[in-house]
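J.: Below is the structure I would like to discuss, written out as structure tokens.
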Amino acid sequence: MSNIIGGLLDILPEEFMSILPDQYNLFFYKDDNQYIIYISQTEIELSNISNNSIGYVSFIIIYDESELEVLFIKSTIPKVGIGHYLMLIIGYIANNQGIKKILLDDDSDLAHQGSIYQKVGCKYINEEPYPEMECSPKDILEKYTKFYEKYKTKGFFN
């Protein structure tokens with residue numbers, strides 16, 4: 001039997017929260033070691049996150065292997081930095097939890113061509129066409145300033 005908990009995500013430093021527009025917050029659901037973090041004005045039922053959030057990321061933390069595996073990331077407003085922001089959140093959480101490695105599959109249209117994951121410092125494990133990537137939480141976090149400068153005055157993060 002699952003024991004799903006959820007609510008406002010309030011463990012992040014001010015620099016991550018203050019960039020969100022005033023009416024938006026980060027919320028989460030957690031079921032054992034599986035998480036969903038989403039951007040919304042209010043809490044959303046788990047079954048409606050895909051349709052009603054601005055963007056979300058789902059992931060699993062595998063503590064025994066010091067890995068975080070990104071399962072899915074989605075933004076409903078393209079090209080305004082929401083996916084990039086969610087990857088920064090993942091980097092922070094992984095770093096905060098002592099996780100050394102973030103794993104994901106780049107199934108995006110820009111795989112091997114400058115995808116969001118490459119922009120935050122992730123590296124392909126194998127050559128094209130293979131989608132598997134590995135990222136360092138610290139490398140991702142080092143991209144915050146560049147993210148801020150690029151997206152703070154554009155679209156969603158205004």
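J.: Across the stretch 55-148, how large is the tail of the calculated P(r) beyond 18 Å, expressed as a percent of all Cα pairs? Mind dumping the intermediate values first?
T.: On the way: 1733 of 4371 pairs.
That tail contains 40 percent of the Cα-Cα pairs.
J.: Set Lys and Arg Cβ to +1 and Asp and Glu Cβ to -1, take the dipole of the chain about its Cα centre, and tell me which of Ile36, Leu110, Pro21 lies farthest positive.
T.: Pro21
J.: Next question. In what sequence, highest mean first, do 65-72, 144-151 appear when ranked by Cβ atoms within 10 angstrom?
T.: Details: 65-72: 16.5, 144-151: 14.6.
For the peptides 65-72, 144-151, the packing ranking is 65-72, 144-151.
J.: Cα centroid distance between the stretch 84-158 and the stretch 12-50, in Å?
T.: Distance between centres, Cα-based: 18 Å.
J.: How big is the Rg/Rh ratio for the chain, C-alpha atoms only, Rh by Kirkwood, two decimals? Don't jump to the answer; show the numbers that get you there.
T.: Working: Rg = 14.9 Å, Rh = 15.9 Å.
Reported Rg/Rh (Cα atoms, Kirkwood Rh): 0.94.
J.: Just to be sure I understand the model, the point goes 7 Å from the Cα along the line to the Cβ. What's the resulting Glu15 to Asn51 distance in nm?
T.: Spacing of the two 7 Å Cα→Cβ label points: 3.8 nm.
J.: Hey, got a sec? Which trypsin sites (Lys or Arg not before Pro) in the stretch 1-107 land in a DSSP loop and have at most 16 other Cβ atoms within 10 Å?
T.: Within the stretch 1-107, the qualifying trypsin sites (Lys or Arg not before Pro) (loop, at most 16 other Cβ atoms within 10 Å) are Lys79, Lys100.
J.: Within 10 Å, count the other beta carbons around each residue, average over each peptide in 113-121, 13-21, and list them highest first. Mind dumping the intermediate values first?
T.: On the way: 113-121: 17.7, 13-21: 12.4.
In descending order of packing, they fall as 113-121, 13-21.
J.: Report ³J(HN,Hα) in whole Hz for each residue of the stretch 44-54, in order, from the Karplus equation J = 6.51 cos²θ - 1.76 cosθ + 1.60 where θ = phi - 60°; Gly and Pro get x.
T.: 10, 4, 3, 6, 10, 4, 4, 8, 10, 9, 6
J.: With a bin width of 5 angstrom, please list the P(r) values of the stretch 17-57 as percents of all Cα-Cα pairs, from the 0 bin to the one holding the largest distance.
T.: Pairs per bin, as whole percents: 5, 25, 34, 20, 12, 4, 0.
Here, each number is a calculation from the coordinates, and none is a lab measurement. All of these numbers come straight from a predicted model, not from anything done at the bench. Quick reminder, even Gly has a Cβ in these numbers, built from the backbone with ideal geometry, and neighbours come from all protein chains shown.
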